[in-house]
Amino acid sequence: MDPVAVQNIQDGLRSAVGELREFAMGTSAVAGAGMSQLALTGMEAGHSSVAAALEGFCERWDMSVASLFAVTSGLAERLGIGAGSVWEQDQYLKGTFKVLVNAGIGNPHASNDEVEKKSLEAILSDQAFKQETPEQARQAREDFDRT
């Protein structure tokens, strides 16, 4: 396949999942879900029949998008590109694991976005319990004495 077409498929899948994450929580966006989060109550919609129609539309939309995601994820898997539901779920789980590790021993001032962009080695090296090198200890003593 043309490399540009493969890149377009990969970018499109990643973009679609990113947009669905605006509505859906966690990995449900990877499954194509999320529109049902837009459903309104009868009072919010102005009438119960409008709310029911919107809810039905959102459910059908979720099923249609989930079906498209299944087809395109299969295509992405066959092409061996980094996109689709399996890839997105792996990325989500890696990011969640990094946030969890950082919460336990890492920098408490780092945002989740910052942590997800770092490698696991960088998170582990940026922690309160790390050992000083002899050079760092000497520099700290000099700084203390000077102060």
Report summary line: Residue by residue through the stretch 101-118, the couplings from Karplus 6.51 cos²θ - 1.76 cosθ + 1.60 with θ = phi - 60°, in Hz, x for Gly and Pro, are 4, 4, 5, x, 9, x, 6, x, 8, 7, 7, 4, 4, 4, 5, 5, 7, 7
Report task. Quick one: what are the phi-derived ³J(HN,Hα) couplings along the stretch 43-60, Karplus 6.51/-1.76/1.60 with θ = phi - 60°, whole Hz, x for glycine and proline? Result -> 5, 5, 7, x, 7, 5, 5, 5, 4, 5, 5, 5, 4, x, 4, 4, 5, 5
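Every number here is computed from the coordinates shown, using simple stated rules; none is lab data. Keep in mind the model is a prediction, meaning the values are calculated, not measured.
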